[in-house]
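Peer 1: One structure coming up, written as structure tokens, with questions to follow.
Read-outs throughout are calculated quantities, based only on the coordinates presented, and are distinct from any laboratory measurement. None of these values were measured; they are calculated from a predicted model. In this analysis, Cβ positions are derived from the backbone assuming ideal geometry, glycine residues included, and neighbour counts consider all displayed protein chains.
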Amino acid sequence: MISCILRAKTKFLIAFLFALTASFGVSTSGYAQGASLPVDDAGIVSAGESLYKNNCVVCHSVGSDVVVGPGLKGVNERRAQPWLVSWIKNSQALIQSGDKDAIAVYNQFNKQAMPSFAFSDDEVKAILTYIKSAEAAAAEAPAAGAVDAAPGKNVGTDAIGAIGGYLDIILVVLIIVLIVLVVTLLLISSLLKNYLNKNKELDEYDAEVVNQRFDFSKVYKSKAVRTLVVLIFVIVLLDLALGKVMGIGIQEGYAPTQPIAFSHKLHAGEHQIDCNYCHTTVYESKSASIPSANICMNCHSQIKTESPEIQKIYKALERNKPIEWVRIHNLPDLAYFNHSQHTQVGGIECQTCHGPIQEMEVVYQYSPLTMGWCIDCHRETPLNTEGNAYYDNLVKLHEESSKGAFTVTSNGGAECSKCHY
Ligand code: HEC
Ligand code: HEC
Ligand code: HEC
Ligand code: HEC
Ligand code: HEC
Ligand code: HEC
């Protein structure tokens, strides 16, 4: 009998749970479209990513920021998939067909026409899958990105900075303790004084001592007070000196404020603009060059024209004056360094010497740029002599006389005259 009731109850429970999930199914049907995208298929996601980066990134972000067009975060939930497919293939056709949503976004973005794309349905779906997976990734790891971007690579100065910070705290605590001590002592002494004065049996000498005026000169002369003052003075000096040391001679991590809040993280990172789009001579000549305002205008005659930071570019052009970027990397005149020798001939990545520039909001000096740093790399890096007849004899000679690899140093990369005029 009891088991029968139990079974009936279980059945009811199952039916109830089923109804519950079913009703959830209805209420979340808007999400079902997004969920049907194969976000777990790495192949499709990466195909979508490259299509997206080649075609869409200039005008869209996968977050909620407006670039030229709207941020695409949540677009899979906002719009039905067939709508997205026809929009991306030919937005103008969809607008002309009288679709209300299409006309609404078009008007909202001042009737800027989005270009048409001759993609297959699968290609569009791959892009949508990438957008979906990118927003999930962004939701998971914003904090990690923020830490990466911090220009605090220099452990040495950080440690000194931390000591400086502790000294400041110690000073403040010392001063607070002193004040509390003085106040309590004054309170106690006035209490005692009151108490003793009420005591009629005080003799004349005691009464005089109790009512004595406070004598400051005694405080100056006290040894304890003098030591304390000297101690505080020394700590203050030490604190100041540490602050100075941090600024002198340590160039690594140098990140001056620039006249325009230009971000490599945004341009070279998120928007994947090539380094040599702006640093035009980096593969051909000694210097990498800093872009002129005209290069910025290739995009910013259209993009973010209202931003006060972008207005600064227009002002520089109006006044016909270059933007005064603060130079970060700077070897002394006695040393010779050539970019094309390292990037074009040597095939070294910018990041090997400049660090993760594409993640820097503000550029900082990543490497020490000392003579030891240059020579260390020359000692360790094998020369790429493959297919270069010029090196054939040299390499042969080298192999006869030594066992190590044919490095930059083997070719004279440590001779003073190579780097010094
Ligand atoms: C030249 C700039 C440009 C490019 C490139 C571009 N778009 Fe757009 N996109 C826009 C603009 C502007 C809008 C807003 C509607 C309008 O004005 O036509 C838009 C709207 C959209 C919308 C509608 C968003 C919504 O909230 O309804 C989607 C989806 C979209 N774009 C996807 C893409 C995809 C995917 C690509 C790459 C294959 C792409 N766009 C490339 C400019 C661009
Ligand atoms: C859209 C243009 C643009 C792109 C793309 C770009 N940069 Fe820059 N870069 C600048 C500007 C402008 C400055 C000067 C302002 C500053 O320091 O932020 C600069 C400064 C630098 C500096 C510091 C120069 C100095 O003063 O010593 C380095 C190093 C650098 N870029 C490397 C790179 C690398 C590496 C890439 C590619 C990953 C890259 N840049 C991509 C525009 C660009
Ligand atoms: C190839 C295109 C391109 C070039 C070249 C370019 N930018 Fe940009 N820039 C962008 C895009 C895209 C954004 C992002 C706009 C957004 O977030 O809405 C942007 C954003 C900015 C912003 C942020 C504006 C704001 O208020 O959010 C600044 C500042 C900026 N760029 C400065 C520069 C400078 C200075 C140069 C020249 C050295 C330059 N850009 C060259 C494409 C470009
Ligand atoms: C082997 C190390 C190394 C590599 C690789 C390298 N740089 Fe540099 N870069 C330097 C040094 C050293 C300086 C300082 C040069 C000076 O002061 O004369 C510098 C300076 C710069 C500057 C400041 C302007 C100038 O020309 O002095 C820019 C911009 C720059 N580099 C961009 C790049 C870009 C972009 C790449 C990759 C295409 C790159 N660098 C690759 C070492 C390197
Ligand atoms: C990350 C490694 C690396 C660093 C750091 C580096 N170099 Fe080099 N350097 C190379 C390589 C590799 C070559 C050989 C390129 C080639 O010819 O194939 C080279 C070649 C040279 C040459 C030409 C040597 C010759 O035999 O003609 C000079 C000069 C030079 N570097 C100067 C410097 C200076 C100055 C610095 C420091 C400011 C420096 N390099 C930092 C890797 C580096
Ligand atoms: C691979 C490149 C390279 C070679 C080879 C090289 N130097 Fe240097 N040297 C530099 C660089 C870069 C600096 C600037 C370092 C700095 O500012 O800290 C420098 C700085 C110096 C300085 C000035 C130091 C100072 O504190 O201002 C002297 C002196 C010097 N080098 C002597 C030599 C002599 C002697 C040789 C040959 C045995 C030599 N260098 C070989 C790259 C080189």
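Peer 1: At 7 Å along the Cα-to-beta-carbon direction for both V68 and I176, put a label point, then send me their distance in nm to one decimal.
Peer 2: 5.6
Peer 1: Given Cα pairs under 8 Å that are at least 6 residues apart, what percent is the relative contact order of region 33-143?
Peer 2: Dividing the mean separation by the residue count of region 33-143 yields 39 percent.
Peer 1: Further question: All other residues with a Cβ under 15 Å from the Cβ of Q96 taken together, and with Lys, Arg as +1 and Asp, Glu as -1, what is their net charge?
Peer 2: +1
Peer 1: Would you mind calculating the relative contact order of region 208-366 from Cα pairs under 8 angstrom and at least 6 residues apart, reporting the percent as a whole number?
Peer 2: In percent, rounded to a whole number, it is 34.
Peer 1: How far apart, in nanometres, would the label points at L231 and D392 be if each is projected 7 angstrom from Cα along the Cα-to-Cβ direction?
Peer 2: Result: 7.9 nm between the two label points.
Peer 1: With the contact rule set at Cα under 8 Å and sequence spacing of 6 or more, what percent relative contact order holds for region 303-401?
Peer 2: RCO, region 303-401: 16 percent.
Peer 1: For a label point 7 Å from the Cα of L331 along Cα→C-beta, name the residues of region 339-372 whose backbone N is under 18 Å from it.
Peer 2: Backbone N within reach: 339-355, 365-372.
Peer 1: Now for a different question. Find how much the distance from R379 to S340 grows on full extension, using 0.36 nm per residue of separation minus their present alpha carbon separation; answer in nm with one decimal.
Peer 2: 12.1 nm
Peer 1: Looking at the calculated P(r) for region 33-143, what percent of the C-alpha pair distances fall above 17 Å?
Peer 2: 53
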